[in-house]
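Here the structure is laid out as structure tokens; the discussion comes afterwards.
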Amino acid sequence: MSTSAPLPPPVSPSTGTPAPSPRGPFVLLNDEPVAESGADLLGVGRAARQLAGLLVASRASTPFTLAVDAGWGMGKSSLMRLVDAELAHAPEVHTVWYNAWTSQGADALEGLIKSVLMRFDRRVLRRALQRISERRALLRAVRAVTTVAAGPLGAAGLVDELWKTLSVNSQARNEMRGAIGELVQEWSQTDDFRPRRLLVVFIDDLDRCPEETVLAVCEAVKVYLDVPGLEFVIGCDRSALAPNGLLRDLSPAASAFMEKIFQTSYRIPVPDQQGVRAYIDWCARTVGIDQLLDERLTTMLAERSARNPRRIKRLVNGFVLEATLNPMWDDFAPEAVVRTLLLQYFYPDFYRMVAGAAGSGAGDVIAEFRTYREVRRLLRTPDPIPVAELPTVTRFLREHDLPEQDADGRDATLSRLERQLPSTFPEMVRDQEFTSLIDGLVALPRSEELLRRLREGAELPAAVEPEPAAAYVQSLPAQAQPPAGAYGGMPSGAYGGMPAGAYGAMPAGAYGGMQPGAYGAVPAGRTAAPGADVAPLRYVRILWVDDHPRNNESLVNAFRAAGAVVRIAEDSAAADAALAVERPTLIVSDIERDGNPREGLEHLARLRRDGRYDGPFVFYAGRVTPERSAVAEELGAHLTSSGSEIERLVLRAAEAERPLP
């Protein structure tokens with residue numbers, strides 16, 4: 001764990017006065033699995049002890065394979081490390097650790113088998129090599145005999161010679177399982193240990209590997225190492241290894257083979273409420289933010305992280321990085337960082353509106369939400385609206401183009417109002433953790449200045465972390481990449497990058513934008529796999545209509561990097577001129593522009609009416625309301641505030657444009 005040295009109180013660069021509260025010292029949490037029972041914060045020690053006991057008691061049932069099954073970040077490695085620690089108390093049990101992620105393709109088979117062989121005594125290895133040599137001598141294959149006679153070898157040398165001898169050709173490989181079985185039998189059945197010795201092999205991170213590596217590891221386990229005296233404990237998310245996951249392209253025979261690998265599975269349960277709250281308290285105390293998390297924030301962090309320990313750690317580390325490195329926060333209390341980070345992380349759609357993303361034109365959406373909550377309460381009560389509250393209700397209805405009185409009653413008024421508001425408002429107003437988060441943010445010192453900066457700096461967030469394992473997945477050939485969500489990934493913004501004017505232009509991937517290299521575009525420093533399509537969007541022509549084109553730079557640049565032609569039009573007239581020259585594959589448009597809050601909708605209506613464009617059309621807007629959605633649907637268009645949805649629709653358009661082979 002890294003620590004930060006105590007720092008003097010920071011001075012605000014804008015005022016020259018000390019910041020509102022001290023800045024740390026903070027620390028970062030590491031992401032290493034728990035390896036000692038004393039560090040077990042989520043109560044998995046009991047399960048580890050029982051699993052270890054079962055493994056020892058089941059030595060007569062070997063060989064077998066146990067899967068420790070859980071999603072990304074749910075503690076597979078920690079549980080396996082704790083089982084290993086428990087097995088250390090049994091002198092007749094030995095263990096081997098093999099991280100499948102460290103090997104590539106067919107090398108994984110050799111690497112795993114050698115890792116197992118290295119655990120045996122040198123005298124046992126030498127005898128095994130001698131037996132194989134004698135058999136080969138009878139067949140006039142004396143290579144191994146001369147090697148052994150050349151002099152004493154260490155364990156690594158003996159293992160290398162064994163591997164060379166057993167893998168020289170297909171006939172030798174057919175003998176490998178028998179030879180390894182004899183070796184294990186000799187090692188396990190000795191006079192020094194009663195009962196017989198047992199070797200437990202732990203294999204971790206199998207679900208993070210490409211298909212070739214997964215199959216090589218499973219081949220080693222089932223074909224060559226499936227001998228009495230060996231037990232395998234494999235940490236993986238079995239859903240990622242299912243036919244509709246990472247191994248979705250397997251043949252029926254290969255799928256049947258995979259089904260035979262695991263004799264049984266232990267599914268790690270989600271931590272209970274008490275355990276995960278204790279874990280959050282420990283994380284908060286360790287990094288130094290325990291005074292900033294109240295009861296509701298802790299509950300939100302527990303439930304909306306799906307009680308995932310790694311997600312919790314990354315969010316807490318994200319706060320530390322933001323509070324320490326982002327100069328924007330020098331002017332605000334650390335609690336402002338925590339609340340803003342939680343808002344971005346758990347409510348990304350609302351945060352995009354707060355930050356004015358994608359031309360939302362929403363103004364102060366937090367004030368709008370809080371006023372809506374109050375108006376909703378007044379409209380839902382059977383009692384007359386108090387005179388003092390009437391101006392608030394009247395003003396809010398007028399702002400949303402609604403009459404003060406509705407002949408159909410208050411329920412109808414509320415229904416019409418909610419059609420004008422963001423679609424998420426009715427659900428979020430019932431979310432007590434969300435309303436508490438917003439109220440706490442507004443109640444902070446200088447909250448108005450904070451919200452103003454968030455709105456003004458919307459195009460300037462700090463870096464957004466990729467999905468779990470995404471950096472690794474993106475490094476794989478296209479055919480080896482799992483489907484989206486295979487790892488149960490975190491929402492975008494895992495480190496919670498906040499807007500900060502000091503950071504300059506919006507990085508690729510902000511607001512869900514496509515990362516460079518996505519969909520086949522090859523990042524700098526990489527070489528495309530043979531036959532890979534390095535420009536998968538080269539047949540796509542996008543017309544992007546937005547009076548604030550900078551908001552879309554990351555998506556536009558990523559599409560261009562993938563081969564698409566993207567033309568920018570800042571108003572409807574420019575879009576019409578572009579359409580007169582060339583028909584695009586897809587049009588992406590904002591809604592509010594040219595001083596008209598409905599210009600995008602009206603522009604598309606004119607295009608459809610005049611027959612100038614009948615192709616795919618997407619509205620990319622920060623504010624998605626039921627009314628807008630209904631109008632967009634009537635016009636045959638999509639409406640979204642999600643950059644990833646834009647990516648999906650562009651890919652769909654690319655497939656439609658791709659020439660037939």
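Ignoring aspartates and glutamates fewer than eight residues from Lys260 along the same chain, the ones with Cα atoms less than 17 angstrom from its Cα are Asp69, Asp207, Glu211, Glu219, Asp226, Glu231, Asp237.
Listed peptides 334-347, 296-309 appear in the order 334-347, 296-309 once ranked by packing, highest mean of other Cβ atoms within 10 Å at the front. Shown for the stretch 529-661: the carbon plus sulfur share of the solvent-accessible area, taken with all protein chains present and a 1.4 angstrom probe, equals 52%. Each other residue within a Cβ distance under 12 Å of Ile312 adds +1 if Lys or Arg and -1 if Asp or Glu, for a net charge of +4. Near Arg567: Cβ cut-off under 13 Å, other residues only, Lys/Arg at +1 and Asp/Glu at -1. The net charge is -1. Summing charges over neighbours of Glu449, with a neighbour being any other residue whose Cβ is under 14 Å away from its Cβ, gives -1 when K and R count +1 and D and E count -1. Expressed as a whole percent, the accessible surface of the stretch 268-423 that belongs to carbon and sulfur atoms is 47, based on a 1.4 Å probe. Non-local amide H neighbours of Phe64 (under 5 Å, H modeled in plane, Pro and chain starts lacking H): which ones? Excluding prolines and chain starts, which carry no amide H, the hits are Phe232.
Subtracting the Cα-Cα distance of Asp439 and Ser58 from their residue separation scaled by 0.36 nm leaves 131.5 nm. By the rule of a C-alpha distance below 17 Å, with chain neighbours fewer than 8 residues away ignored, the lysines paired with Lys313 are Lys76. For the peptides 435-446, 59-70, residues were scored by their other Cβ atoms within 10 Å and the scores averaged per peptide; the highest-first order is 59-70, 435-446. Largest to smallest in accessible area, the residues Lys114, Lys260, Lys164 fall in the order Lys260, Lys164, Lys114 (1.4 Å probe, all protein chains included).
The values are calculated or read from the model by the stated rules, or taken from the named source; none is laboratory data. Every value quoted in this text rests on a predicted model; they were computed, and no experiment measured them. Cβ sites come from the backbone with ideal geometry, for glycine too, and all protein chains shown count toward neighbours. The accessibility values were calculated without ligands, DNA or RNA, using every heavy atom of the protein model including side chains. Shrake-Rupley method; radii C 1.70, N 1.55, O 1.52, S 1.80 Å.
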